[in-house]
Amino acid sequence: MRLKIGETVEIFDGEGHEVRAIVVNENGEHDSPICLKIVSDVITSERSVKLTLFQAIPKGKRIDTLIEKCTELGIDEIVPMITERVVVKISDSKSEQHKISRWQSIALSAAKQCGRADIPTITEVVSVESVFEKFEKPALILIASLEDTAVRLQAVIQKIKSEGQAIDCIGIFIGPEGAFTEKEHSFLVDQGGIPVSFGKLIMRVETASIYATSILAYEFIN
């Protein structure tokens, strides 16, 4: 709203394309559009690996922080999930759409703030059991786990890189407060998921999501 003629701005379409433009006329009237002139070629952001966060919905406003920070770190898609131990209740489709709209707005604001040309997609809310009926199964499925048999996340990444595996999509599953139930955990393992450990410390839900996203983004997309 405070831009003047000749000032430069960056414009993006939310799908990975961005350009640089200059203001050619001021917004003299409160409701009149500002006019811009594109002065650069279209830049397209392309990634070889897609990161999807399958997130059990945490209570309170923790998911707001989670969406904001994971957007800044480079997550491509967030799939909110209702699991057996999720406290949040979604009464009907209207309530669900309201939440998704608000979450998508948070992602948009975070994308603007960090200079991303694309905006992560916030999908419909699903259950763990129906997730692969609704969405394509990632090439690599990681399950945040507190099990003693879980493999360190770093070890899994090192193995993938040492073997030269071509991974085009990674899905990370983060459970709710109290973790996934044994049934849910077994289902994901049966689907090819690898239980991974983030170390000895037990993290809050949003911390685990941010931690996993930052490591995977660093290793595979940044």
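Values quoted throughout were computed directly from the atomic coordinates according to the rules given, and no laboratory measurement underlies them. Small disclaimer: the values here were computed from a predicted structure and weren't measured. Every residue, glycine among them, receives a Cβ derived from its backbone with ideal geometry; neighbour counts consider all protein chains shown.
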Problem set entry | Those trypsin sites (Lys or Arg not before Pro) in the stretch 171-215 that DSSP places in a loop and that have at most 11 other beta carbons within 10 Å | Lys200
Problem set entry | Overall form of the stretch 131-182 per C-alpha gyration tensor (a/c, 1.5; a/b vs b/c) | oblate
Seminar exercise, completed: So the angle from the long Cα axis of helix 205-220 to the longest Cα principal axis of the chain, reported in degrees to the nearest 10, equals 70
For this session: Past 28 Å, Cα to Cα, is the threshold; run Lys89/Lys137; Lys37/Lys61; Lys69/Lys89; Lys59/Lys134 against it and keep the listed order.
Result: Lys37/Lys61
Seminar exercise, completed: The residues Cys169, Cys35, sorted from fewest to most surrounding Cβ atoms within 10 Å, come out as Cys35, Cys169
Exercise. Which length gain, in nm to one decimal place, applies between Thr121 and Arg152 when the Cα-Cα distance is subtracted from 0.36 nm times their residue separation?
Worked result: 8.3 nm
Problem set entry | Shape call, the stretch 86-142: gyration tensor on alpha carbons, a/c limit 1.5 | oblate
Seminar exercise, completed: With Thr207 itself left out, Lys, Arg at +1 and Asp, Glu at -1 over residues whose Cβ is under 11 Å from its Cβ give +2
For this session: For helix 93-114, report the angle its Cα long axis makes with the longest principal axis of the Cα atoms of the chain; keep it between 0 and 90° and round to the nearest 10°.
Result: 60
For this session: Could you state the angle between the C-alpha long axis of helix 153-163 and the longest principal axis of the C-alpha atoms of the chain, as a value from 0 to 90 degrees rounded to the nearest 10?
Result: 80
Exercise. Can you give the net charge of the other residues whose Cβ lies under 13 Å from the Cβ of Ala155, counting K and R as +1 and D and E as -1?
Worked result: +1
Exercise. Is the stretch 78-222 rounded, prolate or oblate when judged by the Cα gyration tensor, a ≥ b ≥ c being the square roots of its eigenvalues, rounded requiring a/c under 1.5 and prolate requiring a/b larger than b/c?
Worked result: oblate
Exercise. How far is it, in nm, from the label point at Glu84 to the one at Lys161 when both lie 7 Å from their Cα along the line to the Cβ?
Worked result: 3.7
Problem set entry | Arg204/Thr8 FRET efficiency (R0 30 Å; Cβ-Cβ; nearest 0.05) | 0.15
Seminar exercise, completed: A correct fewest-to-most ranking of Asp76, Asp64 by other Cβ atoms within 10 Å would be Asp64, Asp76
